[in-house]
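The values are calculated or read from the model by the stated rules, or taken from the named source; none is laboratory data. These numbers come from a predicted model, not from an experiment. Cβ placement follows ideal geometry from the backbone for every residue including glycine, while neighbour counts extend to all protein chains displayed.
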Amino acid sequence: MEKIVRQSLLYDFYGELLTEHQKKIYEDVVMNDMSYSEIARIYGISRQGIYDMVKRCDKILEEYEDKLKLVEKFVTAREKIAEVKQCISDVRKINNEENVDEILVDIESKVEDILEEF
């Protein structure tokens, strides 16, 4: 997974667990695509301080993910939903009743997998 996408997902799931100061800086770097120098000027701290803060936040968010696996479950569910959508599309394209039953069983199985994730 691309680094920025992963950082965004981790922040979406666990960002509220950071301090307000950490959230502001992390949002500026990850969500607002601001440079360390720009943020350092705004907050009156060094560029290195911003870099260290972002690294620390990345570590904190990754530790939450290691324990809770919410992003992993979300990504897996999203992939399974895409598969279900493909199955539905396949059902719309075919006329053979036997194949329809197989696809519907496959859809049902994938939906059950998604529900078990949560």
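Per-structure values
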{"item": "Residue ID - surrounded by the most Cβ atoms within 10 Å (Cβ to Cβ), chosen from residues in segment 35-78 that are hydroxyl-bearing (Ser, Thr, Tyr) and without any contact (Cβ under 8 Å) to a residue 40 or more places away in the chain", "result": "Tyr36"}
{"item": "Boolean, Arg6 is without any contact (Cβ under 8 Å) to a residue 60 or more places away in the chain and either within 18 Å of the chain's Cα centre (by Cα) or part of a helix (DSSP H, G or I) (or both)", "result": "no"}
{"item": "Residues within segment 79-117 that are part of a helix (DSSP H, G or I), free of Cβ contacts under 8 Å to residues at least 24 places away in the same chain and either surrounded by 13 or more Cβ atoms within 10 Å (Cβ to Cβ) or not basic (Lys, Arg) (or both), tallied", "result": "24"}
{"item": "Members of segment 50-86 found to be closer than 18 Å to Ile39 by Cβ and among the acidic types (Asp, Glu), listed by number", "result": "Asp52, Asp58"}
{"item": "Complete set of residues in segment 61-75 that are over 20 Å from Tyr26 (Cα atoms) and assigned to a helix (DSSP H, G or I)", "result": "Lys67, Leu68, Glu72, Lys73, Phe74, Val75"}
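Residue by residue, here is whether (1) under 21 Å from Leu115 (Cβ atoms); (2) over 14 Å from the mean Cα position of the chain (by Cα) holds:
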| position | (1), (2) |
| --- | --- |
| Glu2 | no, no |
| Tyr11 | no, no |
| Tyr26 | no, yes |
| Met53 | no, yes |
| Val71 | yes, no |
| Phe74 | yes, no |
| Lys80 | yes, yes |
| Lys93 | no, yes |
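So that you can scan it fast, the table gives a plain yes or no per residue for (1) within 28 Å of Arg6 (Cα to Cα); (2) in the same structural domain as Gly15 (by TED's automatic domain parsing); (3) modelled with pLDDT of 80 or more; (4) among the aliphatic types (A, V, I, L, M):
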{"residue": "Ala77", "(1), (2), (3), (4)": "yes, no, yes, yes"}
{"residue": "Lys80", "(1), (2), (3), (4)": "yes, no, yes, no"}
{"residue": "Gln86", "(1), (2), (3), (4)": "yes, no, yes, no"}
{"residue": "Arg92", "(1), (2), (3), (4)": "no, no, no, no"}
{"residue": "Asn95", "(1), (2), (3), (4)": "no, no, no, no"}
{"residue": "Asp106", "(1), (2), (3), (4)": "no, no, yes, no"}
{"residue": "Lys110", "(1), (2), (3), (4)": "yes, no, yes, no"}
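Every residue, every condition in (1) among the hydroxyl-bearing types (Ser, Thr, Tyr); (2) under 14 Å from Tyr11 (Cβ atoms), yes or no:
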{"position": "Ser37", "(1), (2)": "yes, no"}
{"position": "Gly44", "(1), (2)": "no, no"}
{"position": "Glu65", "(1), (2)": "no, yes"}
{"position": "Phe74", "(1), (2)": "no, yes"}
{"position": "Ala77", "(1), (2)": "no, no"}
